[in-house]
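In what follows, a single structure is set out as structure tokens and then discussed.
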Amino acid sequence: MPKLIEIASPRLRLVALNQELATTQLEDRAAFFRLLGVDPEPAWPPELMDQQTMEWTRDRLRASPADTGWYSWIYISPVMNRLLGTGGFKGAPDADGAVEIGYSMLTSYREQGLATEGVMALLDWAYTHERVTSVVAHTRDDRDASHRVLEKAGFVQGETRCSDDAGHDVIAWHHTPNRSKP
């Protein structure tokens, strides 16, 4: 397997899905856990990482393996040796330099600041790429916990629009880098 792209934060190890990991996650869950070096997680995957999303990620990475890091990242507890959740982007930066971020935690690891820590680590990683000028997120208007994650990570709430297909409003959130940091 190619060398993994990893990020370490105080309580997390984040691993970017590459083509092999994305395929193995769909085809052989036990092998997926072994490749990541973690204990099996019966509750995997988190709620927002459904079969369709996993297939979409695998297909994008098959088409463009060089885009590893611009899709899903797995959140791992190095202390417990367990999968906690996932986060990542919906692709490489667009023509304006924007990327969209998303995240989902397993139920038992919510409300502990881990999603915020993961999002902040992903922001730091994204902004190491000079072409990234901003990060956006979209959340349902009824997801207060998700709103808190974004606020703590420095996102600013933007416009709200009606999502006719889902029957709820969606809030856009915006983040821009502080390039003056050392």
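The values are calculated or read from the model by the stated rules, or taken from the named source; none is laboratory data. Here the structure is a predicted model, which is why all the values come from computation and not from measurement. Cβ coordinates were reconstructed from backbone atoms using ideal geometry, including for glycine residues, and neighbour counts include every protein chain displayed. Calculation scope for accessible area: heavy atoms of the full protein, side chains included, ligands and nucleic acids excluded. Shrake-Rupley method; radii C 1.70, N 1.55, O 1.52, S 1.80 Å.
Take the residues in the stretch 146-168 that are at pLDDT below 90 and under 25 Å from Thr107 (Cα atoms); name whichever of them is farthest from the chain's Cα centre (by Cα). For the stretch 146-168, the residue satisfying everything is Gly167. Checking the structure you have, find out if any residue of the stretch 144-152 is closer than 20 Å to Leu84 by Cβ, open to solvent by less than 10 Å² (accessible area, probe 1.4 Å) and assigned to a helix (DSSP H, G or I). Yes, the stretch 144-152 contains a residue that is closer than 20 Å to Leu84 by Cβ, open to solvent by less than 10 Å² (accessible area, probe 1.4 Å) and assigned to a helix (DSSP H, G or I).
Using the structure shown, decide if Ile171 is within 23 Å of Met54 (Cα to Cα), in a strand (DSSP E or B) and β-branched (Val, Ile, Thr).
Numbers: within 23 Å of Met54 (Cα to Cα): no; in a strand (DSSP E or B): yes; β-branched (Val, Ile, Thr): yes.
No, not satisfied.
Across the stretch 10-47, the number of residues qualifying as outside any helix (DSSP H, G or I), out of contact with any strand residue (DSSP E or B) (no Cβ under 8 Å at 6 or more places or on another chain) and more than 15 Å from Gly88 (Cα to Cα) comes to 6. Checked against the criteria, Thr139 does not count as open to solvent by less than 40 Å² (accessible area, probe 1.4 Å), at pLDDT 95 or above and of a type in the set (Ser, Thr, Tyr).
Of the candidates Glu55, Glu27, Glu20, the single residue that is more than 24 Å from Thr116 (Cα to Cα), surrounded by fewer than 21 Cβ atoms within 10 Å (Cβ to Cβ) and in contact with a Pro (Cβ under 8 Å, 6 or more places away or on another chain) is Glu20.
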